[in-house]
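Novice: Take a look at the following structure, please.
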Amino acid sequence: MDLRRTFLIFVPFAWLLLLFLIPFGIVLKISLSDIALSIPPYTPQLDLSAGWSGIVEYFQALDLENYVFLTQDNLYFLAYMSSVQIAFISMVITLIVGYPIAYGMAKAPDHWRPTLMMLVILPFWTSFLIRVYAWMGILSQEGFLNQFLLWIGIIDTPLTILNTNWAVYIGIVYTYLPFMILPIYAALEKMDGSLMEAAEDLGCSQTSAFWLVTFPLSRPGVIAGCFLVFIPALGEVVIPSLLGGSQTLMIGKVLWEEFFSNRDWPVASAVAVILLLILVIPIVLFQRNEQKQREAGR
């Protein structure tokens, strides 16, 4: 039993070590290096071949030049703020759209639920890049959306949607909508329907019963869906590059430019480290809050 328990604990920790901690350590090391005209384009400051004395000298002479540089250029601050804003608004829109869909799926007859589930995950059967390119055709001035609005008489001239933040919101909501629907559906599908009946028997209307019973019980699914949408949307590169214009500023695009256009790997790594901290800190605080609530409920 002890060996089994040790194995079960070892597997996730090994996964975390190999796919997160070691890559993060490499990126952190590069962020503390100096740019150089070489391959790779940076000069490491930490020399492990010198042994423990080399490590001590490294930390004694450690400078945060690349991180200081990020605070001196407003471009990076604006990119972080713009990315957080776009990701948060997209998350809220996705929640507003996805929750009723998940609720309808959970209330549908049992024989319809597999079909509805398949329809939700059906877009994943097509390449993500192809779907984004399809939205470029839909949202362009000569695209299907403008032609349809002109045909029904809502507009007189084509709208400029492509290469704006609106196109980015549409692309992110469309792309990550299943990540919001599925966790909420999983939470609602397990809910006991008799709880709603009991609330209505006690005098609650359907609306008040929903907000007092259904929504609180679906809170874990809502939180999971929000994280699954917000985290990848914050670092999104493809959607703002293809659907957003030159005025669309997101940290993912800045990160790409630093790595592949400017070839400034140390600064790009510093940008990536800060982006990771922005994502990790709220998750850690949320987990601690959840743990305190569970302990208080015992």
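Novice: Please work out which residue is nearest to LEU62 (Cα to Cα), limiting yourself to segment 1-44 and to residues that are part of a loop (DSSP other than H, G, I, E, B) and free of Cβ contacts under 8 Å to residues at least 12 places away in the same chain.
Specialist: By that ranking, first place goes to ALA36.
Novice: Suppose we filter segment 134-164 for residues that are touching a helix residue (DSSP H, G or I) at 6+ places or on another chain (Cβ under 7 Å) and either surrounded by 15 or more Cβ atoms within 10 Å (Cβ to Cβ) or among the aromatic types (Phe, Trp, Tyr) (or both); how many remain?
Specialist: Looking only at that region, the number is 11.
Novice: Moving on. Determine, yes or no, whether GLY25 is modelled with pLDDT of 80 or more, over 30 Å from GLY225 (Cβ atoms) and over 21 Å from the mean Cα position of the chain (by Cα).
Specialist: yes
Novice: Is it the case that THR248 is under 26 Å from the mean Cα position of the chain (by Cα), among the β-branched types (Val, Ile, Thr) and more than 28 Å from VAL27 (Cβ to Cβ)?
Specialist: no
Novice: A follow-up question, please. Grab the helices (runs of 4 or more DSSP H) fully contained in segment 90-171, keeping just those with 1 or more residues being touching a residue at least 24 places away in the same chain (Cβ under 8 Å).
Specialist: 113-121, 128-139
Novice: Would you confirm whether any residue within segment 63-84 is farther than 30 Å from SER218 by Cα, surrounded by 11 or more Cβ atoms within 10 Å (Cβ to Cβ) and acidic (Asp, Glu)?
Specialist: Within segment 63-84, one or more residues are farther than 30 Å from SER218 by Cα, surrounded by 11 or more Cβ atoms within 10 Å (Cβ to Cβ) and acidic (Asp, Glu).
Novice: With the structure loaded, tell me whether PHE210 is assigned to a helix (DSSP H, G or I) and within 27 Å of GLY137 (Cβ to Cβ) or whether it fails that test.
Specialist: Here the answer is no, as PHE210 does not meet what is asked.
Novice: Would you confirm, using the coordinates I've provided, whether SER49 is small (Gly, Ala, Ser), at pLDDT below 85 and part of a loop (DSSP other than H, G, I, E, B)?
Specialist: no
Novice: Could you grab the pairs with beta carbons closer than 7 Å, sequence gap of 6+ or different chains, first residue in segment 254-270 and more than 9 Å from ASN66 (Cβ to Cβ), second one of a type outside the set (Phe, Trp, Tyr) and outside any helix (DSSP H, G or I)?
Specialist: What qualifies is TRP256/VAL237; GLU258/ASP264; ARG263/PRO41; TRP265/PRO40; TRP265/PRO41.
Novice: Right, GLU197: surrounded by 16 or more Cβ atoms within 10 Å (Cβ to Cβ), of a type in the set (Asp, Glu) and modelled with pLDDT under 95 or not?
Specialist: no
Novice: On the basis of being assigned to a helix (DSSP H, G or I), touching a Leu at 6+ places or on another chain (Cβ under 6 Å) and within 27 Å of THR115 (Cα to Cα), does PHE179 make the cut?
Specialist: yes
The values are calculated or read from the model by the stated rules, or taken from the named source; none is laboratory data. In this text the structure is predicted, and so the values were computed from the model without any measurement. Reconstructed Cβ throughout: ideal geometry from the backbone, glycine too, with neighbour counts over all protein chains shown.
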